[in-house]
Amino acid sequence: MAGQSSRSEAGMVYVVVISTVSALAGLLFGFDTGVIAGALEPLAHHFAVQSEFTKELIVAAVTLGALGGAICSGKASSRLGRKHSIILSALLFIAGTLCTSLAQSVLMVVAGRLVMGFAVGLSAMVVPMYLSEVSPPSIRGGVVFTFQLAITIGIFAAYVINSIYAENENWRWMFGVGILPALLLFFGMLRLPESPRWLVLKNRTEEARRVLLKIMAVEKTEAALNSIKESVQHPQGGLRELFSKRFLPLVAIAFTLFVLQQLSGINTIFYYAPTVFKEAGFSDPVMVSLLPASVNVASTVLGIWVVDRLGRRGLAYIGFAGMAVCLILLGADLNGMVGGHGPEPLVSLVSVLCYIFFFAISLGGVPYIVMSELFPLTLRSVGMATASCANWGFNFLVSLTFLTLSSTLGMGTTFWLYACFMVLGLVFTYLFLPETKGRRLEDIEANLYAGKRPRNLGDPVQQ
Ligand code: BGC
């Protein structure tokens, strides 16, 4: 008995090591998207960039590259495997970072950021998939959520690094620091195991058994292996199969979650915080901008803790409702409806921070978790790749339109628009989102093949 519990504790420790190493990709995701806020102006100064379009291109290159990475992530994860796809992304992070920080022209900067972006898009799909496939059901939500935690730490680190190098405009080091986590990711991943699910998919059952033995109690290994083998019996599918009547609802759910994540307007805060706080009346908007990034990290820790207790649906309800209320309040304040004489800075600040809190405990991690749980093994790669495209496509759309919307509708009304999407999110959760907390991936799959409705995919399996 004592032997069994120490084995399963060792398994937990191993899963923690796996999630810490692979989540470094999330850190790079946050870092590479956040660092440009501080690096852009010194960089533009160095290369005497005048045109706004060139600046926008430098900023948007990561998102565009990420869209490319997301598109290719399905093929990469099923052909190379989960582990080697993450190793590939680490190499691309290294190459992109070197190219950007040593750039001798704007073209090299854009090329480097496109490569970095590709790595971000590739790993933002493969890491949640890998984490979900190696973790025991009881803690799977929390393990996948660590990827989101790493993103938030990356964003925060980027702000800190930016402020350290701001004084002497050292944009090369702002980018260059990213080389360290990229190297750690590369060398760390070399030592981690491949996903047992992918190994079974490739007929490498013995290797899969050895991995399972490391991550779960011995007596559970054979049953787990058998149900993975069963799920491999279903025909392998591609895009055509994915868009068939049976699987289309899954694509719709995962895709919509990412669309809603981005239409919450979260990145308007992370990409344009100083602009928003200036509008709210702060005299030092740059310093204030550090607060959302810190609240983001702290609240994500809470998210990890509660996601396997309250479940995906519970968190989605809390998140959508909380964000809707905060966005309405923020919009009202920016529209001058709270103080009477223009915006009250403190009201705006509190609404933004509460909004970040609700995002971080729910909509930050839940789409990554749900997309890694919904799809059956034989369609997981292509399904998750499709959902990831929504993440980057809509990220691009929102960041590209925020300033234009603010100058046409007004910034307050723009935030009201995002609030409407959060209300739709509540309806979506009620009607469609399954509760997958604590269920084995193979049980979710069995429900799907038994013809259950999407909303009921996480129900207990009838034997
Ligand atoms: C989103 C990113 C966002 C980040 C903020 C992630 O879940 O995909 O677009 O910047 O959360 O923490």
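With N set to the residue count of the chain, report its C-alpha Rg divided by 2.2 N^0.38 Å to two decimal places.
Normalised Rg, Cα atoms only: 0.97.
Using the Cα gyration tensor of segment 16-76, with a ≥ b ≥ c the square roots of its eigenvalues, what is the shape: rounded (a/c below 1.5), prolate (a/b larger than b/c) or oblate (neither)?
oblate
Convert each backbone phi in segment 276-281 into a coupling constant with the Karplus relation 6.51 cos²θ - 1.76 cosθ + 1.60 (shift: θ = phi - 60°), then list the ³J(HN,Hα) values in order as whole Hz, x for Gly and Pro.
Couplings: 5, 6, 5, 4, 6, x Hz.
For each pair in LYS245/LYS452; LYS75/LYS220; LYS202/LYS229, compute the distance between the two Cα atoms and list the pairs where it is over 20 Å.
LYS75/LYS220
Name the residue from LEU213, SER138, ALA182 whose Cα lies farthest towards the positive end of the charge dipole of segment 108-234, charges +1 on Cβ of Lys and Arg and -1 on Cβ of Asp and Glu.
Looking along the dipole axis, the top candidate is LEU213.
What is the distance in Å between the Cα centroid of segment 398-451 and that of segment 351-375?
If you average the Cα positions of each part, the centres end up 10 Å apart.
What list of ³J(HN,Hα) couplings, whole Hz, do you get for segment 163-173 from phi and the Karplus terms 6.51, -1.76, 1.60, once you set θ to phi - 60° and write x for glycine and proline?
Each residue of segment 163-173 in turn: 6, 5, 8, 5, 4, 9, 6, 7, 5, 4, 6 Hz.
Quick one: 3J(HN,Hα) in Hz for segment 429-438, Karplus 6.51/-1.76/1.60 with θ = phi - 60°, rounded, Gly and Pro as x.
4, 4, 7, 10, 6, x, 9, 9, 3, x
Cα centroid distance between segment 44-112 and segment 170-187, in Å?
Spelled out, the Cα-based centre of one part sits 13 Å from the other.
How much FRET efficiency would the formula 1/(1 + (r/R0)^6) give for LEU409 and LYS75, where r is the Cβ-Cβ distance and R0 is 35 Å, rounded to 0.05?
Here the calculated transfer efficiency is 0.30.
For GLN104 and SER138, what is the calculated FRET efficiency with R₀ set at 35 Å and r taken between the beta-carbons, to the nearest 0.05?
Calculated value: 0.10.
Arranged from highest to lowest average of other beta-carbon atoms within 10 Å per residue, in what order do the peptides 181-194, 336-349 appear?
Sorting 181-194, 336-349 by mean packing, highest first, produces 181-194, 336-349.
Per 0.36 nm of contour for each residue apart, how much would the distance between GLU9 and TRP305 grow if the chain were fully extended, relative to their Cα-Cα spacing?
104.8 nm
Rank-order 216-228, 429-441 by packing density, defined as the average count of other C-beta atoms within 10 Å over each peptide's residues, highest first.
Ranked from most to least packed, the peptides come out as 429-441, 216-228.
Tilt of helix 345-358 relative to the longest C-alpha principal axis of the chain, in degrees (0 to 90, nearest 10)?
Approximately 10 degrees, to the nearest 10.
Among GLY311, GLY11, PRO292, whose Cα lies farthest out toward the positive end of the dipole of the chain, if unit charges sit on the beta carbon of Lys, Arg (+1) and Asp, Glu (-1)?
Positive-most Cα among the choices belongs to GLY11.
I need the shape label for segment 213-315. Rule: rounded when a/c is under 1.5, else prolate if a/b > b/c, else oblate, with a, b, c from the alpha carbon gyration tensor.
Oblate is the answer for segment 213-315, as a/c is 1.5 or above yet b/c matches or exceeds a/b.
Normalised by the residues of segment 74-130, what does the relative contact order come to in percent, with Cα pairs under 8 Å and at least six apart?
The value is 41 percent.
Provide the gained length on full extension for the span SER283 to LEU190, in nm with one decimal, where the gain is 0.36 nm per separating residue minus the Cα-Cα distance.
28.6 nm
In debye, nearest 20, what is the charge dipole magnitude of the chain about its Cα centre with +1 on Lys and Arg Cβ and -1 on Asp and Glu Cβ, if you could check?
Dipole about the Cα centre, nearest 20: 1540 debye.
Angle between the Cα long axis of helix 380-409 and the longest principal axis of the chain, 0 to 90 degrees, nearest 10?
Helix 380-409 sits at roughly 10 degrees to that axis.
If the only charges are +1 at each Lys and Arg Cβ and -1 at each Asp and Glu Cβ, what is the size of the charge dipole of segment 1-158 around the Cα centre, to the nearest 20 debye?
Taking the Cα centre of segment 1-158 as origin, the dipole is about 500 debye.
Using only the alpha-carbon atoms, how far is helix 205-215 inclined from the longest principal axis of the chain? Give it as 0 to 90 degrees, nearest 10.
Approximately 60 degrees, to the nearest 10.
Once the Cβ-Cβ distance between LYS229 and ALA450 is put in as r, and R0 is 22 Å, what FRET efficiency do you end up with, to the nearest 0.05?
The calculated FRET efficiency here is 0.75.
Every number here is computed from the coordinates shown, using simple stated rules; none is lab data. Everything numeric here is computed off the predicted structure, so don't read it as measured data. Methodologically, a virtual Cβ is constructed for each residue, glycine included, from the backbone with ideal geometry; neighbour enumeration extends over all protein chains shown.
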